[in-house]
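Taking it in order: structure first as structure tokens, then the write-up.
The values are calculated or read from the model by the stated rules, or taken from the named source; none is laboratory data. Since we're looking at a predicted model, the values are computed, not measured. Please note: Cβ atoms are built from the backbone with ideal geometry, for glycine as well, and neighbour counts cover all protein chains shown.
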Amino acid sequence: MSANGHRQDEAARARTLREARTLALARRGEAVRAGAEGRAFLVCACGPERYGLPLAEVAQVVPARPCTALPAASPALLGLVALSGGIVSVLDLARALGRGGTPAEEGHLVVLRGTSVPVALAVDRVLGTARLDGEAPDAPEGDAPALALGLGSEAVSGYAPAGPSGTGDFALVDLPRLLRRYLP
């Protein structure tokens with residue numbers, strides 16, 4: 001085989017590999033979108049309670065770190081942390097839901113995506129992911145149904161019974177409702 005023929009074979013092989021890689025990356029994006037639309041949740045513990053955060057709205061999970069407190073801030077706003085070269089506001093998920101308690105010294109920060117300012121939620125621990133099959137449970141109207149279920153606030157939009165994920169049952173958190181009182 002000539003050198004020119006060998007180069008053509010290499011170029012064709014490289015083109016085929018690029019096309020296959022492009023298709024694989026495109027399918028991965030479709031799977032992520034489908035999982036988000038299929039009601040996938042990151043299940044977190046805050047004390048004895050478990051809450052599900054929509055996985056599509058989670059950018060990353062990192063170990064908790066000390067926050068710089070802000071004077072006269074809401075009790076739910078723990079402060080600010082430096083993360084990936086930026087400043088991120090940290091909200092205690094339990095306090096933001098009106099559940100009280102003290103945040104764990106060692107826990108996780110769940111960094112959210114799509115917020116007007118960078119926000120992370122402090123949780124005691126991340127338990128894993130869960131997926132709801134079919135329709136999500138009906139959202140309660142206002143505060144009363146959520147409180148009647150013992151779920152805490154209007155930002156709790158439903159309840160997921162324990163499934164095969166091993167995360168147990170959990171309350172579904174409506175992040176836009178939760179964050180509207182803290183974000184501009």
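Miscellaneous remarks
- Exclusive hit being in the same structural domain as residue 113 (by TED's automatic domain parsing), modelled with pLDDT of 90 or more and under 23 Å from residue 183 (Cβ atoms), set 84, 89: 89
- Taken over region 138-184, the criterion of being surrounded by 18 or more Cβ atoms within 10 Å (Cβ to Cβ), more than 24 Å from residue 77 (Cβ to Cβ) and at pLDDT below 80 is satisfied by 140, 167.
- Flag for residue 135 being within 11 Å of residue 64 (Cβ to Cβ) and modelled with pLDDT under 90: no
- Restricting region 64-85 to residues that are surrounded by 14 or more Cβ atoms within 10 Å (Cβ to Cβ) and not in a loop (DSSP other than H, G, I, E, B), the residue that is nearest to the chain's Cα centre (by Cα): 83
- Within region 86-100, the set of residues being out of contact with any Pro (no Cβ under 6 Å at 6 or more places or on another chain) and either in a strand (DSSP E or B) or surrounded by 14 or more Cβ atoms within 10 Å (Cβ to Cβ) (or both) comprises 87, 89, 90, 91, 93, 94, 96, 97, 98, 99.
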